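What follows is calculated from the coordinates using simple rules that are stated; it is not laboratory data. On a predicted model such as this, the values are computed, not experimentally measured, just so you know. Here the Cβ is made from the backbone with ideal geometry for all residues, glycine too, and neighbour counts use every protein chain on show.
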Amino acid sequence: MISIVIPAYNEERRISNTLKEYCELFKDDEIIISLNACTDRTLEIVKEFQKEYSNLKYIELDLGAKGNAVKCGFEIAKGDYIGFADADCSTSAKEFARMFGSLGDNDGIIASRYMKDSVVSPKQSWKRILVSRMFNLFVNTLLWLGYKDTQCGAKIFKREAVLQVLPEIKTVKWAFDVDLLYHMKRDGFKIKEFPTVWEDKEYSTLNVFQAGPNMLLGVIRLRLLYSPFKFIILDIYDKIK
């Protein structure tokens, strides 16, 4: 069985289609909606879908951070494999299943929008691509992960890998994905990068240009946290942030 965590922040306009796709295709698996400090009708919609799909669960969280939502979902997941997908269905349920089928003997698999065979529709603007590529270069320069896309919101891991690294993860905001992959690599787990089909959805709640500086600061914090200079984070950075 696979457990799929879907973090959701005020997704009343998009969550219905996502629930229908994932709950139907993965009806023998576990779907966990991790409600990320929602103030709209997202919870109400999830409860309606629960009447039809017994495999659908949810948790409510007060801290508005996607990384925290995913982490809390991971902590209650029961599956032999544990993954997460975005609430906007940018990665369709069929594409998530295709990625899962390509896991092979790896310990995990992550979707990538920037590999040779990746398909992104509609094509992203040059500004968004530039921000994404600069962030990726920054991550690989500081942490040497070697992936083309750490931020695509579709990832799957073996249960034992998740349980081993979860207690080590100290980031629950913008750099959560990077922190997760950093520990997976540091602990010797084999993670495959997968060229995905990804669709940019309407009503996105993320402004990549506003989020960019926070994402960069998050990675800097992460690099310092796992270095001899972690006192900078413990004594200074986190007190003034």
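Here are some notes:
- Note that the stretch 1-143, at 4 °C in a medium of 1.567 mPa s, gets a Stokes-Einstein diffusion coefficient of 79 µm²/s from its Kirkwood radius over C-alpha pairs.
- As a calculated quantity, the FRET efficiency between ASP62 and LYS116 at R0 = 45 Å, using C-beta atoms, amounts to about 0.60.
- With Cα atoms defining each centre, the stretch 37-92 and the stretch 98-149 are spaced 23 Å apart in the structure.
- When the listed pairs LYS66/LYS116; LYS148/LYS201; LYS27/LYS94 are checked against a 23 Å cut-off, the alpha-carbon distance exceeds it for LYS66/LYS116.
- Cross-link reach is defined here as a Cα-Cα straight distance under 14 Å, omitting same-chain residues fewer than 8 places apart; for LYS192 the aspartates and glutamates meeting it are ASP105, ASP107, ASP149.
- Cβ-defined net charge surrounding LEU163, 14 Å radius [Lys, Arg +1; Asp, Glu -1]: -2
- Maximal additional length on extending the LYS190-LYS78 stretch stands at 38.2 nm, based on 0.36 nm per residue less the C-alpha distance.
- Residues PHE176, PHE49 arranged by fewest to most Cβ contacts within 10 Å: PHE49, PHE176
- Simple label model, 7 Å out from Cα along Cβ direction - GLN124 to ASP40, nm: 2.2
- Principal axis dimensions, largest first and in whole angstrom, of the stretch 111-164 by Cα: 39, 27, 16
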